[in-house]
Amino acid sequence: MNKKPLAVTLVSAAALLGMMLGTSCKKENNGVQNDRTVVAGGPSGASGTCGDSTITGVITSNITLKSCKIYKLSGLVYVANNATVTVEAGTVIKGIKGAVGTAGGGLIVTRGSKLNAVGTVTDPIIFTSNEAIPASGDWGGVVLLGKAPTNHAAAVTVEGITGTPPADATYGGPTNNIPGDNSGSLKYVRIEYAGFELATDNELNGLTLAGVGSGTLIDFVEVYKSKDDAFEFFGGTVNASHLVAIDALDDMFDTDNGYSGTISYALGVSDPNRADKSQSNGFESDNNATGAAVTPNTHPTYNNITIIGQPTAAAASITNGQPSGTGKYGRAAHLRRNAEFAINSSIFLGFNYGISQDTALPKGLTPNTLSKYIAGTSTLSTNHVHAYIYAFATESNFTTFNAITPLGTTNVGYVNADPNLGIKLAAPFSATRAISNYIPQAFSPAKAVGAFPTGNTTWANSWTIL
């Protein structure tokens, strides 16, 4: 390779960084936010020790974000033109809150571009709110767009983006069929206080992965207090592991539009103080918005997942939850609209309904989710499921539920007032949250199936906030 053009590219990237990031000499002491450690340091120094910079518009050349700076996203910032944004371990990136009705700061990585954000246990990368007193929904979140298959007939603009964006915000379509596509790496990354509802059913999430391929690394990522879903997968083939979803307003893990990757070793804990008007679930999965039998089918594999709902039936049954005043909790897993699935060695507790499958589709479309399970296209294996009403259920039109017995003999259901009576986690509803609370005790029947987490039980203690 001719190295001279590469040197020119790097110089151009440095010049772009200087022009775009508007560096201020002001230093900010942001090592602590709301009496909690945000970040310890990083290879270029501790956060805020060399000022702060604001990023706007479209990034079109490679740049590196340094740990010693605090970066602020003003409006939705796009990474385009096959550019790569590299983020050092320990870097803090803050979304500036938008005016009423706007999403505020956010990072959109378009098809062909990459985000390489690899932190460490002691120096995670933090995406958070710029507000002194942060709140859920302060900013827009992180979006990765890739070239992996989806079941959209044509390329579509990713959910949460309106109007005419300054860069291509689409994914899917027949020309995007690269299962191994690479959108970068996210490891030891926290995304806090993100998510924004631009309109009904058009929201930004904590982390949105749309058409993202299996060449992308998603490992040790937490989404904390998102104002919509914590993680949403729109198609694609990306595998993700060691995910933590804490206090999402809507769903913890949402999969649709032909997503076919594997999610392993994940924890989801529902917010005890608020619930969404669309019903807050642990899993939600659709083939697509209508349930049409288009391919590729949504068929995620979930391994070693723990989903924690509410400590009492009364708490799980509210209909007036904040912030809307009409918020409700739904199911530990809602499998619907012709979705396929494989759920293995997982724990669900604290919802009125545990694993619930649709038996009807809009406009009479067939087959439905339950028929795929009966046919063996979808599977449940070695799961322990508690519910206040039905551990395993079918539902029609969100209102009519019936108990079912899961196929085979490996799945266990518990229906009682104490959600932890049979499953026996350490302390799943303790006000003092810690990863150790969600581990099956030595005499738990779930211990033998290797439910969350196995091996190093402290893997999420240092870089997460619960």
Hey, does the stretch 320-343 have a residue that's over 15 Å from residue 253 (Cβ atoms) and surrounded by 24 or more Cβ atoms within 10 Å (Cβ to Cβ)?
yes
Any residue in the stretch 317-332 that is of a type in the set (A, V, I, L, M, F, W, C) sitting within a Cβ distance under 6 Å of a residue that is outside any strand (DSSP E or B)? List the pairs, counting only those 6 or more apart or interchain.
332/282
Take the residues in the stretch 119-147 that are farther than 17 Å from residue 69 by Cβ and of a type in the set (A, V, I, L, M), then tell me which one is surrounded by the most Cβ atoms within 10 Å (Cβ to Cβ).
145
Per the filter on the stretch 200-226, residues at pLDDT below 95, closer than 14 Å to residue 276 by Cβ and surrounded by 24 or more Cβ atoms within 10 Å (Cβ to Cβ) are 203
Reported set for the stretch 412-466 where residues are under 20 Å from residue 355 (Cβ atoms), within 23 Å of the chain's Cα centre (by Cα) and modelled with pLDDT of 95 or more is 428
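Can you say whether residue 339 is of a type in the set (A, V, I, L, M), in a loop (DSSP other than H, G, I, E, B) and touching a residue at least 60 places away in the same chain (Cβ under 8 Å), as far as the supplied structure shows? Talk me through it step by step, then tell me what you get.
Values: of a type in the set (A, V, I, L, M): yes; in a loop (DSSP other than H, G, I, E, B): yes; touching a residue at least 60 places away in the same chain (Cβ under 8 Å): yes.
When the stated conditions are applied, residue 339 passes them.
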Looking across the stretch 288-319 at residues that are assigned to a strand (DSSP E or B) and β-branched (Val, Ile, Thr), the single one that is surrounded by the most Cβ atoms within 10 Å (Cβ to Cβ) is 307
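Take the residues in the stretch 379-411 that are in a strand (DSSP E or B), among the aliphatic types (A, V, I, L, M) and over 27 Å from the mean Cα position of the chain (by Cα), then tell me which one is farthest from residue 329 (Cα to Cα).
At the first step, the residues of the stretch 379-411 found to be in a strand (DSSP E or B) are 379-381, 384-396, 400-403.
Subset that is among the aliphatic types (A, V, I, L, M): 380, 385, 387, 389, 391, 393, 403.
Narrowing further to those that are over 27 Å from the mean Cα position of the chain (by Cα): 389, 403.
Numbers: 389: 13, 403: 18 Å.
Ranking the candidates gives 403 first.
Among what's in the stretch 351-373 and is exposed (fewer than 13 other Cβ atoms within 10 Å of the Cβ) and either out of contact with any Ser or Thr (no Cβ under 7 Å at 6 or more places or on another chain) or not in a helix (DSSP H, G or I) (or both), pick the residue that is modelled with the highest pLDDT.
If we take residues in the stretch 351-373 being exposed (fewer than 13 other Cβ atoms within 10 Å of the Cβ) and either out of contact with any Ser or Thr (no Cβ under 7 Å at 6 or more places or on another chain) or not in a helix (DSSP H, G or I) (or both), then 366 is modelled with the highest pLDDT.
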For the list (1) closer than 20 Å to residue 215 by Cα; (2) of a type outside the set (A, V, I, L, M); (3) surrounded by fewer than 18 Cβ atoms within 10 Å (Cβ to Cβ), I need the number of the one condition that residue 162 fails.
(1)
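Filter the stretch 61-92 down to residues that are part of a loop (DSSP other than H, G, I, E, B) and of a type in the set (Ser, Thr, Tyr) and give me whichever is surrounded by the most Cβ atoms within 10 Å (Cβ to Cβ). Quick ask: steps written out before the conclusion?
The first filter runs over the stretch 61-92 and keeps only residues part of a loop (DSSP other than H, G, I, E, B), leaving 61-62, 66-69, 74-75, 80-83, 88-91.
Checking which are of a type in the set (Ser, Thr, Tyr) leaves us with 61, 67, 74, 91.
Working: 61: 21, 67: 26, 74: 16, 91: 28.
My answer is 91.
Those residues that are among the hydroxyl-bearing types (Ser, Thr, Tyr) and either under 16 Å from residue 106 (Cα atoms) or surrounded by fewer than 17 Cβ atoms within 10 Å (Cβ to Cβ) (or both), I need them from the stretch 171-184; list them, please. Walk me through it before giving the result.
Step one: of the stretch 171-184, the residues among the hydroxyl-bearing types (Ser, Thr, Tyr) are 171, 175, 183.
Listed by number, the list holds a single entry, 175.
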Show the residue pairs meeting these rules: Cβ distance below 7 Å; 6+ apart or different chains; first residue within the stretch 441-454 and at positive phi; second residue at pLDDT 90 or above and surrounded by 19 or more Cβ atoms within 10 Å (Cβ to Cβ).
450/304; 450/345
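Among the residues of the stretch 355-411, write down those that are among the small types (Gly, Ala, Ser) and farther than 28 Å from residue 445 by Cα. Step through it out loud before you land on a result.
So the first thing to find is which residues in the stretch 355-411 are among the small types (Gly, Ala, Ser), and the list is 356, 360, 364, 371, 375-376, 378, 381, 387, 391, 393, 396, 403, 408.
Hits for the stretch 355-411 are 360, 364, 371, 375, 396.
The values are calculated or read from the model by the stated rules, or taken from the named source; none is laboratory data. The shown structure was predicted, so the numbers you read here are calculated from the model rather than taken from an experiment. For neighbour counting, all protein chains shown are included, and Cβ atoms are generated from backbone atoms with ideal geometry for every residue, glycine included.
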